[in-house]
Each structure stands twice: as C-alpha cells, then as structure tokens.
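Just so it is clear, none of the values below were taken in a lab; they were calculated from the coordinates. Quick caveat, the model's predicted, so the values are computed rather than measured. Here Cβ is always computed from backbone atoms with ideal geometry, including for glycine, and neighbour counts include all displayed protein chains.
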Amino acid sequence: MSQYEKFRAPGLSYLLAPCGSVPVFGPEYFNEDQRMIQQTATDFIVKDVQPHDAALEAKQEGVLPGLLRKAGELGLLAVDVPEEYGGLGGDKTTSNIVAESLVGQGSFMVGHATHTGIGTLPLVYFGTAAQKEQYLPRLASGELLGYYALTEAGSGSDALGAKCRAVLSPDGKEWILNGEKQFITNVGFADVGTVFAKIDGEKFTGFLVELKGPGVSTGAEEHKMGIHGSSTRSLIFEDARIPRANLLGKEGEGHKIAFNILNLGRLKLGLACSGGCKFLIRESALYANQRKQFGIPIAKFHAIKEKLALMAARTFAVESMGYRTTGAIDAIAASIDKKAPDGPDKVVKAIEEFAVEASILKVAGSEALWFCADEGVQIHGGYGFIAEYAVERAYRDCRVNRIFEGTNEINRMLVPGTILKRAMKGQFDLMGALGRIAEEAKDPAKLPSAGTGPLAEEAHVVDLLKRGVLFAANHAVSKHMADLQKQQMLLLAMADMMMEAYAVDSSVARARQIALEQGEVKARIPALLARIYLANAVRTVRQRAEDLLVNVLDDAELTEALEGMHRFLGLYRMKTIPAKVAVADHLLERERYTLA
Ligand SMILES: Cc1cc2nc3c(=O)[nH]c(=O)nc-3n(C[C@H](O)[C@H](O)[C@H](O)COP(=O)(O)OP(=O)(O)OC[C@H]3O[C@@H](n4cnc5c(N)ncnc54)[C@H](O)[C@@H]3O)c2cc1C
C-alpha cells in the first residue's frame, strides 16, 4: 500500500468536510528516502552553492549552469523524471521536499525550479516516447538545461494572447517560428525548452525548441531588482526552423500544457517559499540572539518575539497546506500505472483536481515569504538594509514570487472562479452545503457542537469559519450571478477568505493529528502555531466577510445577514501573547524553525 493511501481526499474537500475528518499528510510522515534527499539538498546548498554566492550574484559566466549540473550529479534534477528515462521516478512530495530544501540562494533556487519544473515537466507529461527518449535522460542528468517560454511583451497574464507564430514549411518537414518571448528564465545558458506559439496565428500550441541554429537569439540580460544571479532574457525567433516532430502535445492544445504545468509550478513555488521562510527565521533568530541593545539581546524584547512567532505561524500554515496537497495528489497518483499510454494524462488530471489548492499555495507561500523577509529586515534594524546581510538580498529576491507563475491577483481570482465552475458542473456538493448553512445561520440550534480531544475547540472554530466564508460568498454570488467575473473586488475578498479557510483547516487538522498520534507534549509547538494563525485568520475572514456583505446587500437585508455571519465568525478567545512568547522562545533557543 502506498505511503499516502490514508491521505486520499478529493480536491476542494477542505471546504466542506469537517476539520480533521480526513488525515492530512505532513513532514511527520516523510520516509527514509525522503529524509535522505532532504539532507542531500540541504548539504548541497551549504557546501556547494553558498561558497559561490558572490560569483553568482555578479553573474559570473558559467557559475549557475555549473551548479545546476553539479546538482544533476547528485540526482537533484531527476526526481520528477520517470526511471525509464534516467530519472528517479519520484512523487510530487519528494520533488517538493527538494524545492523546499534548496533555499537561501534565490538565484539558484529560481534556476533550479525553472529547470526541474516548468523546464522539464512539459516533456514528462505531454511528450511522446520519442521526445522523452531524446531529451529527458539528459535533462535529468543536467547535460541539458531547460527553460519555458510563455510570456511575451504584450501578453503576460493574458498568456493566450501570444503573438508568436508557427507555420509549417512548404515541404512539411519543419515548423517555422517567428516572434519574441519576454522575461524567460535560464535562457542565457539553457539548451532546450517549451515555446508557445500560434500555428497559422490561431492554434495556440507548445513546441520543443533547442536554442541553437539560425534564427534563434536572445536579448541582453535584464537588470533586475533581485535574483541577480539568475538569467532572464528575451528569446527571439526569426524564421527559426524546428523539426516537425518537435510539436508538443496536440495542435491547438497548448493551453492544456501551459495551465497544467503552471499548477505544478505553483505548488513548487509555494513549498520553495516555505523553505525560504524557514531560512529567514533562522537568520533572524541567530541575529536576535547576538545583537544587544539596552544591555540585553534584542531577542528578549517582546516586540521581536512577536515577529518571530508570526513568521513561524505563517510558515507552519504554508508547510501544512503544501504537504497536505502533495500527499493528496500522490495518494491518487500512486494508483495510476504511469507507464500505461494514458498514465501521464491521468496524473495530469489528478494534479488538475488540486488547481485551487495550488493557486492558494502560490499566493500564501509568496506572501508569507514576503512577510518573513520584511520582518527579517526589521529584526536586523539598519544592518538589514546593508548588502552584507542575507536578509537584505532575500527581501529583494523574494519580491518576484508574487509576480511570476501567474500574478497573485490572477491566482486569487482563480480560486473562487474555479470553485464556482466545479460547483455548477456538480463536481462537489456546494449547493447542498449552502442550503444547510443558510438554515444554520437562522437557527443556532442547528449549528454543530464542538467535539472532544486535542484542539477540539479550534477544529470547531475552523468548521464555523468555513461556514462563514461560504455564507458570505454565497451572498455575493447570488447578487452578481450574471456579472461576477467583473466584480473583481468581491472575487478577491472571496479568495482571501477561501485561502484562510485552507490555511486554518490544514494547520489545525495537522496539529490535532500530531497530538493524537505523538502525544500533546510533541504537539505543543504545532498547537501553538495553529492557534496563533487561527486567531489572526478569524479576524481577517470576519473583516473580509463584513466588507463583502456591506457592499452587496441593502440595509434591510444587511442586519439579518450580519447576524447570521456573526454566528459563524464569533470571537475566538485565545490569549495570543503567552503563545507567541512560548513559540519565540522555542525558536530562539534552537535558532531555527523546528517543531521539536
Ligand atoms: C524575473 C522573472 C522571471 C520570469 N520567468 C519567466 C519564464 O521563465 N517564463 C515565462 O513564460 N515567463 C516568465 N516571467 C514572466 C511572468 O510570468 C510575468 O511577468 C507575469 O505572468 C505577469 O505578466 P506581466 O509582467 O505581463 O504583467 P501584466 O499581465 O501586465 O500585469 C500587470 C498588473 O495587472 C494585473 N492584471 C493583469 N491582468 C489582470 C486581470 N485580468 N484582472 C486584474 N488584474 C490584472 C496583474 O496582476 C499585475 O498586477 C518572468 C518574469 C520575471 C519578472
């Protein structure tokens, strides 16, 4: 039986199922092989990447590709590649463990994630056997390095608006490519990757393109705010000829590749951000312990402790959502015969089922990392503004995470949009749940009561919070059924609430599970982190829900709706100050993010 079987749950089940009713996967369940590759990746960053920090940031030629090839020698490029093509045939959890561990050097992280994620995965899931044979073994070893070219100067968020064109040559043997891609990572040294172009200016399609030969060139390196050591250039095609066999997937179905690969990229980015948060907690704890002001280490000040505790609570939430999602995907993927002709297609469908969770992770991860970087700089005071300190670079490097892999606005709007689409198609019983919630809002006797055991009160608060989210969102949907897509401020409010719901459901369920399986002593820190996060989330959701209701309802409807909503989003009476102090003391003593 697969390591993941008991974590099997359909996508979006978090919204309707009671908190903790389905086990959630987490780092507690990593197996021996996963712990080994985690250690390999961590050691690689410390021993091989960090010594080249200055050379990387100065864009010294050959340094980043050299490090990527070295990572290839250790198997750190091969996790997602099937064994029959020279890879390790690892699952999504293992692939994300590597992404989460290769942090602390943003430029390397982006180069690695691009190569192993959007650079290699289009071939893994959409390539023919011949294409895989031709490229995958060499991408897995690092002999070839990958890229992914979707964006153009005129089409970023509107990716399908690409102008790049492909036409078949008169003899039918080659595709002739014309156009320019913008902001393409790794392209200063990459060998092969996916380019999206429209066949005859109409059919949006993916192509495997080697960066060599006439008609292929790149622009100059962009001068960026951060990730200075990474390569970002435009990619120019002027009557570039590529073999007819290098069409990827089917003609006119490039959107399937683009969107499914983005889902995977978002998952990876979310967990890479969780790793980045842990790096910043370590840097900040180390600094706070050694820096003295007013005769004592600044670590003793509650103002500093609060920052560290909130950094850790957000990290715990992202980590819990991240591995819960990969575990659920792996549970489904484990029952798929990946060597069967339709194997890759089925895996893609399993991943697509978690598209909402992937968008949530991308947004939550990148914003948690931004928060940790900002507070990390603040903990360092003036030194945080000085280039010698790692937090200064991290602050600049992490900004881009809110922009690429779909901006956080686009990802936010995908959350309610996709949930509603699935509900309309009858893929999950949202309508039934909304009916029950409307009844409960009118009659408190119908509300569920709290269970028993560890974090029972918190699980109950989460279950009510999820009802509050759906209750408020339903009012917006009912009022704006016809033009909801245009009501972006409402969609963003709905997204924020739905994201917080996933964060609290995952954190509380995981902390409760640790308490039940390992005892309350081991669950002390996870429980505190889950509670601290929950206390903030209840306030955020309540504020977003109130704002949404005030905007969509008239005065006569509003009073009753607010009353109903407050039944779900009441006060969570938690003494956060001692909890934050306890968490911060734990982190400061260990000088890193750890639950033990
Ligand atoms: C360092 C770096 C590396 C990159 N690497 C790659 C790569 O390897 N491959 C690749 O293909 N691309 C890459 N990109 C491009 C990146 O994915 C795009 O920049 C991103 O998708 C946003 O597109 P844009 O820059 O055109 O912004 P725009 O789409 O113009 O967006 C501008 C603003 O408008 C908002 N907006 C846009 N549309 C809407 C809408 N419908 N509703 C509401 N708000 C909207 C956005 O959220 C944003 O705030 C990279 C970018 C950078 C900076």
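Loop sites by DSSP among the GluC sites (Glu not before Pro) of the chain, restricted to those with at most 11 other Cβ atoms within 10 angstrom, leave 389-596 as the longest stretch without any of them.
Rg and Dmax of region 184-332, based on Cα coordinates, read 22.7, 72 Å.
Taking the square roots of five times each eigenvalue of the Cα gyration tensor of region 5-146, the equivalent ellipsoid has semi-axes of 29, 20, 13 Å, listed largest first.
Note that region 352-362 has calculated 3J(HN,Hα) couplings of 4, 4, 10, 4, 5, 4, 5, 5, 4, 5, 4 Hz, one per residue in order, obtained from phi through the Karplus relation 6.51 cos²θ - 1.76 cosθ + 1.60 (θ = phi - 60°); glycine and proline are x. For region 148-248, the Stokes-Einstein estimate of translational diffusion at 20 °C and a viscosity of 1.002 mPa s comes to 157 µm²/s, using the Kirkwood hydrodynamic radius over alpha-carbon pairs. Once C-alpha pairs closer than 8 Å and six or more residues apart are averaged by separation and normalised to the residue number of region 437-596, the relative contact order reads 30 percent.
If you take the Cα Rg of region 410-590 and divide it by 2.2 N^0.38 Å, with N the number of residues, what do you get? Numbers along the way, then the final one.
Working: Rg = 17.6 Å, N = 181, 2.2 N^0.38 = 15.9 Å.
After normalising by residue count via 2.2 N^0.38 Å, the value is 1.11.
What fraction, in whole percent, of alpha-carbon pairs in region 405-497 exceed 16 Å separation?
Values: 2623 of 4278 pairs.
Percentage above 16 Å: 61.
Helices in the chain, meaning DSSP H runs of at least 4 residues, each add -39500 (n - 2.57). Divided by all residues, the mean residue ellipticity at 222 nm is -18000 deg cm²/dmol. Both radii were evaluated on the Cα set of region 279-401; the Rg over Rh quotient, with Rh as the Kirkwood radius, amounts to 1.18.
For the chain, the longest principal axis of the Cα atoms and the long axis of helix 555-568 meet at an angle of about 90 degrees. Close Lys pairs in region 148-248, defined as Cα atoms under 20 Å apart and 8 or more places apart or on different chains, number 10. Taking all Cα-Cα distances within the chain, those exceeding 48 Å account for 12%.
Counting Cα-Cα pairs of region 349-396 in 5 Å increments starting at 0 gives whole-percent bin shares of 5, 23, 19, 13, 10, 10, 9, 6, 4, 1. With Cα atoms as the point set, the radius of gyration and Dmax of region 121-199 evaluate to 13.8, 37 Å. Ranked from largest, the principal axis spans of the Cα set of region 241-329 equal 72, 34, 16 Å. The base-10 log of I(q)/I(0) for region 488-570, evaluated at q = 0.18, 0.20, 0.24, 0.27 Å⁻¹, reads -0.78, -0.87, -1.07, -1.21 [Debye formula, identical scatterers on Cα atoms, solvent excluded].
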